[in-house]
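Right, one structure below, let's go through it.
The values are calculated or read from the model by the stated rules, or taken from the named source; none is laboratory data. Worth saying up front: this structure is predicted, and the values here are computed from it rather than measured. Note that each Cβ is placed from the backbone with ideal geometry, even for glycine, and that neighbours are counted across all protein chains shown. Surface accessibility is based on the protein's heavy atoms, side chains included, excluding ligands, DNA and RNA. Shrake-Rupley method; radii C 1.70, N 1.55, O 1.52, S 1.80 Å.
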Amino acid sequence: MTTPRPRRRLARLGPRLLSPGPRPLRPGPRPLRPGPRPVRLGPRSLVALTLVSAVGVIAFGWPFLAPPSSALNAHAQDAPWLFAGLLVLLVAVVAATISESGLGAKAVAMLGVLAATGAALRPIGAGTAGIEPMFFLMVLSGRVLGPGFGFVLGSITMFASALLTGGVGPWMPFQMLAMGWFTMGAGLLPGPERLRGGAERALLAGYGFLAAFAYGTAMNMAGWPFMGALASGVAFDPDGTVPANLARFVAYCAATSLGWDLGRALVTVLLTLTLGPAVLKALRRATRRAAFETAVTFEAAESPPKDR
């Protein structure tokens, strides 16, 4: 009678028992969590922002909206001043309405830091050949912090830079509104939660290039009616038709600001592609650590036990 030999069986089964088997699957990359937004656009904020944008469009484009027989053309020199005063009030209303939707102490602190940084960046180039590094910071800030925060940041930054450089005048409300649109547009770009890396930088650079020209065109439209008889060939003609004034305006932009707008656009693209990764990372880290959406609560300290 033969007895089984367990040693041989273990020797045959050993490789199977000791084999590592299929490797466990490694967990994939974690999905990107949406970063907190300091300002959320509520219904009242949307209504106020839509109102100020509509009035802004009229304030910028009234030379093309009013017919030649309109009484508004008889006061072509006064209309920009009236619209400037109205824009100041509307921008203040929009800022107050957006602040009611959740602009806490942390968001106000970040708003002050970014506005001060943007205001300090503007005088670096002094507008020479369009060298204005402030615009790239507005693009990145609007991208990370959202359209509501972007509109407030753009308006306040332009206001602070005007005080810093002595550029206070009837054009300042138009600059505040145009910069608010500029920064808000960056917050409305697609893919804020998923798009990262080179694709996001290319998107922001392309937007900065086009929006820099749009900003310059809007500001030209705000100051164009002031030309009067200074340049009869390209000045606004109250008695002219819309196509004739449009041709004059295009010639005015090409002759006065095309080089500055191109310089601003190229500087914005260059800074976005080179400094964009570091600035975006810093802004997202600061926003995540600040936890703007977390409510601050205070709890009463426990009283120490009394000595008997």
Looking at 104, 130, 85, can you tell me which residue is modelled with pLDDT under 75, in contact with a Lys or Arg (Cβ under 7 Å, 6 or more places away or on another chain) and over 19 Å from residue 188 (Cα atoms)? 130
Among the numbered criteria (1) of a type in the set (A, V, I, L, M, F, W, C); (2) assigned to a loop (DSSP other than H, G, I, E, B); (3) free of Cβ contacts under 8 Å to residues at least 40 places away in the same chain, which single criterion is violated by residue 214? (2)
Subset of the range 159-210, residues open to solvent by 30 Å² or more (accessible area, probe 1.4 Å), within 25 Å of residue 276 (Cβ to Cβ) and hydroxyl-bearing (Ser, Thr, Tyr), comes to 207
In the range 252-297, how many residues are open to solvent by 40 Å² or more (accessible area, probe 1.4 Å), modelled with pLDDT of 90 or more and small (Gly, Ala, Ser)? 2
Give the residue that is nearest to residue 118 (Cα to Cα), with candidates limited to residues of the range 129-158 that are β-branched (Val, Ile, Thr) and open to solvent by 10 Å² or more (accessible area, probe 1.4 Å). 156
For the range 224-248, what are the residues that are free of Cβ contacts under 8 Å to residues at least 60 places away in the same chain and either part of a loop (DSSP other than H, G, I, E, B) or within 29 Å of residue 268 (Cα to Cα) (or both)? 227, 232, 233, 234, 235, 237, 247, 248
Could you list, in sequence order, the residues of the range 20-44 that are open to solvent by less than 80 Å² (accessible area, probe 1.4 Å), modelled with pLDDT of 65 or more and farther than 27 Å from residue 217 by Cβ? 42
